[in-house]
Amino acid sequence: MTNKVAIIASNGGLFDAYKVYNIATAAAATDKEVTIFFTFEGLNLIHKQGMQALPMPEGREAIAEGFAKANVPSIPELAAMSQELGVKFIACQMTMDVMGLTVEDFVDGIEVGGAVTFLEFAKDAAPTLTF
Amino acid sequence: MSLKADVMLDAKGLACPMPIVKTKKAMNGLTEGQILEVLATDKGSKADLAAWSKSVGHQYIGTTEDGDVMKHYIRKCSNDAVVEKQYDQIVQLDELAVKALEGGIILDVREEAEYAFGHIEGAKSIPMGELETRMEEIPKDQVIYVVCQTGRRSDLVAQKLASSGFGSVFNVIPGMTEWNGEVKTSL
């Protein structure tokens with residue numbers, strides 16, 4: 001049985017970030033080898049400034065209170081925890097070029113790669129998830 | 001009530017996935033066979049910790065609830081735990097019910113928490129670690145059927161009893177993990 005979980009993060013909202021990082025940390029804590037490929041708006045999730053204030057879906061701002069009440073960790077905390085648990089972050093080179101971003105814009109410890117880098121990891125992963 | 005545990009982790013007030021992440025980290029500090037007690041208020045943590053234990057290879061023992069607080073009990077297992085059985089007097093688990101009708105004592109050598117969440121009716125509980133100090137509680141003139149979770153701890157105990165002057169000792173295999181009969185709880 002495969003021990004890999006592959007995640008594609010292609011959206012940049014707060015809800016998207018929670019989906020990505022919750023699954024990633026839970027999988028890593030269950031001894032899975034986890035890689036997240038951040039592409040297009042998903043790059044927000046590892047962007048040093050962007051990740052601090054990810055947008056809520058319109059009209060759902062009231063849920064911010066719910067997050068505070070449920071004592072949910074912040075996205076930067078979850079990102080750091082993921083890395084601490086061994087989750088590998090890959091930022092999509094092509095999207096970075098299009099958006100004019102460099103490695104310095106992102107949290108430390110990420111790798112930069114193309115689609116094939118991710119595909120190589122994901123070829124024998126189960127499940128592969130897209131958010 | 002609180003059951004005996006070696007390490008306690010307070011994950012109260014934390015939301016998913018934090019109870020799992022904290023449990024994973026806490027478990028690294030335990031040695032094989034030790035029991036971790038996890039206090040949590042996240043209602044999803046019961047199903048999550050049971051699934052996590054199964055996936056990682058530890059033994060999920062059970063959960064008690066005290067108001068909003070859940071207490072989960074997990075026993076650390078190692079993945080390379082396959083050891084040759086050495087004690088040669090054995091009884092198959094499915095024959096135990098019939099054999100025990102003829103007399104004798106079922107001695108359950110698992111930890112207190114494991115026993116509390118489900119044991120064979122009438123079984124006497126002495127955790128393996130307490131065997132030396134409580135051996136006089138076991139009558140020498142009766143047949144002793146030693147049972148644990150998988151047959152591994154009971155193998156060691158059976159050897160110990162046999163070498164301590166107990167004449168009729170049997171290791172029950174496999175163990176409670178395969179037991180389909182009724183169980184009693186003592187929670």
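The values are calculated or read from the model by the stated rules, or taken from the named source; none is laboratory data. As the structure is a prediction and not an experimental result, all values here were calculated from the model. Note: ideal-geometry Cβ built from the backbone for every residue, glycine included; neighbour counts use all protein chains shown.
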Identify, from the list A:A28, A:A17, the residue that is modelled with pLDDT of 95 or more, crowded, with 19+ Cβ neighbours inside 10 Å and over 22 Å from A:E104 (Cα atoms). A:A28
For region A:99-123, how many residues are more than 16 Å from A:H47 (Cα to Cα) and in a loop (DSSP other than H, G, I, E, B)? 2
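From the list A:T30, A:T35, A:T128, which one is without any contact (Cβ under 8 Å) to a residue 12 or more places away in the chain, closer than 22 Å to B:V56 by Cα and touching a helix residue (DSSP H, G or I) at 6+ places or on another chain (Cβ under 9 Å)?
Only one candidate passes the filter, namely A:T30.
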Condition met for A:F121 (out of contact with any Pro (no Cβ under 7 Å at 6 or more places or on another chain), among the aromatic types (F, W, Y), within 30 Å of B:G13 (Cα to Cα) and at pLDDT below 95): no
Among the residues in region A:6-21, are any more than 29 Å from B:K25 (Cα to Cα), of a type outside the set (F, W, Y), out of contact with any Cys (no Cβ under 7 Å at 6 or more places or on another chain) and part of a helix (DSSP H, G or I)? no
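Under 16 Å from the mean Cα position of the chain (by Cα) and either within 14 Å of another protein chain (Cβ to nearest Cβ) or assigned to a loop (DSSP other than H, G, I, E, B) (or both): does that describe A:M96? Spell out how you get there, then give the answer.
Numbers: under 16 Å from the mean Cα position of the chain (by Cα): yes; either within 14 Å of another protein chain (Cβ to nearest Cβ) or assigned to a loop (DSSP other than H, G, I, E, B) (or both): no.
It is false that A:M96 is under 16 Å from the mean Cα position of the chain (by Cα) and either within 14 Å of another protein chain (Cβ to nearest Cβ) or assigned to a loop (DSSP other than H, G, I, E, B) (or both).
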Among what's in region B:39-53 and is touching a Phe, Trp or Tyr at 6+ places or on another chain (Cβ under 8 Å) and either more than 10 Å from every other protein chain (Cβ to nearest Cβ) or at pLDDT below 90 (or both), pick the residue that is surrounded by the fewest Cβ atoms within 10 Å (Cβ to Cβ). B:A50
Is it true that B:Q86 is loosely packed, with under 12 Cβ neighbours inside 10 Å, more than 14 Å from every other protein chain (Cβ to nearest Cβ) and either touching an Asp or Glu at 6+ places or on another chain (Cβ under 7 Å) or not hydroxyl-bearing (S, T, Y) (or both)? yes
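Does any residue of region A:71-81 turn out to be in contact with a strand residue (DSSP E or B) (Cβ under 9 Å, 6 or more places away or on another chain) and on the phi < 0 side of the Ramachandran plot?
Scanning region A:71-81, I find at least one residue that is in contact with a strand residue (DSSP E or B) (Cβ under 9 Å, 6 or more places away or on another chain) and on the phi < 0 side of the Ramachandran plot, so the answer is yes.
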Scan of region A:92-131 for residues that are more than 24 Å from A:Q52 (Cβ to Cβ) and among the small types (G, A, S), ordered by number: A:G113, A:G114, A:A115, A:A122, A:A125, A:A126
Residues of region B:20-35 that turn out to be buried (at least 21 other Cβ atoms within 10 Å of the Cβ), in contact with a Lys or Arg (Cβ under 9 Å, 6 or more places away or on another chain) and within 14 Å of chain A (Cβ to nearest Cβ), as a count: 0
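Quick grid of which residues meet (1) of a type in the set (V, I, T); (2) modelled with pLDDT of 95 or more; (3) crowded, with 18+ Cβ neighbours inside 10 Å:
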| position | (1), (2), (3) |
| --- | --- |
| A:G42 | no, yes, yes |
| A:P57 | no, no, no |
| A:R60 | no, no, no |
| A:A64 | no, no, no |
| A:A80 | no, yes, no |
| A:M94 | no, no, no |
| A:D105 | no, yes, no |
Checking A:A70 against (1) surrounded by fewer than 19 Cβ atoms within 10 Å (Cβ to Cβ); (2) closer than 17 Å to A:V5 by Cβ; (3) more than 15 Å from the chain's Cα centre (by Cα): exactly one of these is not met. Which one? (2)
